[in-house]
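Written out below as structure tokens is the structure these notes cover.
Derivation of every value follows stated rules applied to the coordinates shown; laboratory data play no part. Computed from a predicted structure; not experimentally measured. Glycine also receives a Cβ, built like all others from the backbone with ideal geometry; neighbour counts cover every protein chain displayed.
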Amino acid sequence: MTGNLSKEEYADLFGYFGAFFLTIYMIPQVYKTLKTKDASSFAWGWLLLDFMTSGCFLVYGILLVSYPIIIADCSSLTGILILSIAKYHFEILNPTRTIPIQPIVDGANENNLISDV
């Protein structure tokens, strides 16, 4: 082995680095969502678009037989499915979040508090 990498080997190397980062990028968000039991900051549209993007890239990776793409998009799909299930569970099946009610304090009346909401 001469130590020189071919163009394809460089492409695979960067592909695996990208797959690694795509694999770990969603872990902190999934952890935080499951820990706080709050997925309200995720829009259903974003979840759908991310799912469709990863799904299309997964098919693309399978057709190319590109393992970095397949690995990355399988992990991305897993994360987005977990977030989607969490959002469905926390917001639709068990809606426990309510709008916080501000107490009336001295010197304030109800009209001032309503305009702050």
Which lysines, on any chain, are close to residue 87 with Cα under 28 Å apart, when same-chain ones fewer than 8 places away are left out? 32, 35, 37
Förster-model FRET efficiency, 22 Å R0, residue 56 and residue 78, C-beta, rounded to 0.05: 0.85
What is the order of 66, 41, fewest Cβ neighbours within 10 Å to most? 41, 66
